[in-house]
1. Would you check which residues across the stretch 155-192 are outside any loop (DSSP other than H, G, I, E, B) and under 18 Å from ILE145 (Cα atoms) and list them?
2. Answer yes if at least one residue in the stretch 198-216 is at positive phi and not hydroxyl-bearing (Ser, Thr, Tyr), and no otherwise.
3. Among residues belonging to the stretch 407-431 that are part of a loop (DSSP other than H, G, I, E, B) and at pLDDT below 95, point out the one that is nearest to LEU158 (Cα to Cα).
4. Just checking, how many residues over the stretch 342-382 are aromatic (Phe, Trp, Tyr) and at pLDDT 95 or above?
5. From the set of residues in the stretch 132-154 that are in a loop (DSSP other than H, G, I, E, B) and at pLDDT 95 or above, which is surrounded by the most Cβ atoms within 10 Å (Cβ to Cβ)?
6. I'd like to verify a number: residues in the stretch 121-155 that are within 20 Å of VAL93 (Cβ to Cβ) and of a type in the set (Lys, Arg), how many?
7. Condition first: touching a helix residue (DSSP H, G or I) at 6+ places or on another chain (Cβ under 7 Å) and either aliphatic (A, V, I, L, M) or within 21 Å of VAL391 (Cβ to Cβ) (or both). Now tell me which residues in the stretch 122-142 satisfy that.
8. Among the residues that make up the stretch 165-172, is at least one of them under 17 Å from the mean Cα position of the chain (by Cα) and either closer than 20 Å to LYS404 by Cβ or not assigned by TED's automatic domain parsing to the domain that holds THR92 (or both)?
Amino acid sequence: MALPVFSGGFRAARLSGMVPARRGRWAGGDDREEDEMAKRTVVTMPGDGIGNVVLPEAIRVLDAVGFEAEYVEAGIGWKHWVEEGNPLPEKTVELIAKHKVALFGAITSKPKDKAAEELRPELRDKGFVYFSPIVALRQRFDLDISIRPCTAFPGNPLNFVRRGADGGLEEPPVDAVVFRQNTEGLYSGVEWTNPPAQVREALATHPKFRRFTEVPPEDLAISTRIFTRAACRRICEEAFAYARRHGYSSVTICEKPNVLRETSGMMVEEGRTVKADYPEIDLWETNIDAQMMWLTKNPEDYGVIVAGNMFGDIISDGFAGLVGGLGFAASANIGREVGVFEPTHGSAPKYAELDPPIVNPIAMILSAAMMLDWLGEEAKARRIREAIAAVVAEGRVRTYDMLKLRGGPRAIEQGAATTTEMTDAIIAKLG
């Protein structure tokens, strides 16, 4: 595909292209079903906080670029937890099952005790347990592939810089894509405080559990890290296929097999097996702790990175910090039939009620562009990214984070663009 090449010696911007879904929803594929060529319906889930601010801005950009769709809003998030005891209403699940594609804004999540306290009084002590609705959504639809591109836009004042060998400053061309296994690992939700007797008995069969056998059950909390060979194989296959498709020379498995020998070991093993089918692509293996150090030493060396759920979350946020922060961090949650697209930032409730709004909408807009890729609308997605790149490079319109200002109503007085102004600038550059 023809992608823009940024100035300043940057490699081609490889921000488009999702893993293929099994219903032909692969960007540029020839096997899309006929009904997919008609006007689409996209489920929108603004969620909590600034999700309600940035998602409408993304839809404005989609409209401006000529994407024709009907949008149906669905509930998700904290309000539904408080009022219903379920942050992921079944009606929302049904809408996604029907339409197969969704845009998601942000959610508020709180620890177990805080979540229980905020339930409506009549719902308390009724057995309701809070669980992240986006994690539940990933598991419900087996959205096992998470893709998080982290590519620097030239001219972004938030891009990572370092001191070169000659003492001057240099800005490395960061261009990484994290493939995060999205449904297993530590986020699988198999955990207990005060585990039942049969769980303790099963764990007691492992010799290393002996030092915990005398711990009172109420003082014991257990979270499991579950990997399956099939899921490890699939994330590695999709990562290598993406690397070949977009010209990356390496795939890095980022885990911790020297300590987490069984789970991380399985991911590494599957990565090595898959690599045999891709002789032109190097396979690198790094430990998560060392990788976080290398982020600020040689980030330009890394291309496609594969990790389990927790480590993938960590490494993608680390790379996002090198390319502008969470205001530029988009992601896709891809299954075999369903795709859900979201910025990786949280709900930032303290900014949600500001009028005019000041939050950076670019991560949400980039997530919408990822949705276009998945739907086969690559040309429109490319135009959106080119427009964002032009606005960033021009430097005339910058949100408070890009100006390194403290968030709040005074940011606008100090020269920050509003959320709407940033979107307006991107639309103006669409051409």
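1. Taking the stretch 155-192 and keeping what is outside any loop (DSSP other than H, G, I, E, B), we get 159, 162-163, 169-170, 175-181, 185-188, 191-192.
Scanning the stretch 155-192 gives ALA176, VAL177, VAL178, PHE179, ARG180, GLN181, GLY185, LEU186, TYR187, SER188.
2. Of the stretch 198-216, the ones at positive phi are none.
No, the stretch 198-216 has no match at all.
3. Step one: of the stretch 407-431, the residues part of a loop (DSSP other than H, G, I, E, B) are 407-409, 414-418, 429-431.
When the remaining residues are screened for being at pLDDT below 95, the result is 407-409, 431.
Values: GLY407: 15, GLY408: 19, PRO409: 21, GLY431: 26 Å.
Filtering first and then ranking leaves GLY407.
4. Step one: filter the stretch 342-382 for residues aromatic (Phe, Trp, Tyr), giving 351, 374.
From the residues that got through so far, the ones that are at pLDDT 95 or above too are 374.
So the count comes out to 1.
5. Initially, the stretch 132-154 is screened for residues in a loop (DSSP other than H, G, I, E, B), giving 132, 141-144, 152-154.
Still in the running and at pLDDT 95 or above: 141-144, 152-154.
Numbers: PHE141: 22, ASP142: 15, LEU143: 23, ASP144: 24, ALA152: 27, PHE153: 23, PRO154: 16.
Filtering first and then ranking leaves ALA152.
6. Selection size over the stretch 121-155: 2.
7. Selection gives VAL135 alone.
8. Residues of the stretch 165-172 that are under 17 Å from the mean Cα position of the chain (by Cα), as a first pass: none.
Taking every residue of the stretch 165-172 in turn, none turns out to be under 17 Å from the mean Cα position of the chain (by Cα) and either closer than 20 Å to LYS404 by Cβ or not assigned by TED's automatic domain parsing to the domain that holds THR92 (or both).
The values are calculated or read from the model by the stated rules, or taken from the named source; none is laboratory data. Quick caveat, the model's predicted, so the values are computed rather than measured. Every residue, glycine among them, receives a Cβ derived from its backbone with ideal geometry; neighbour counts consider all protein chains shown.
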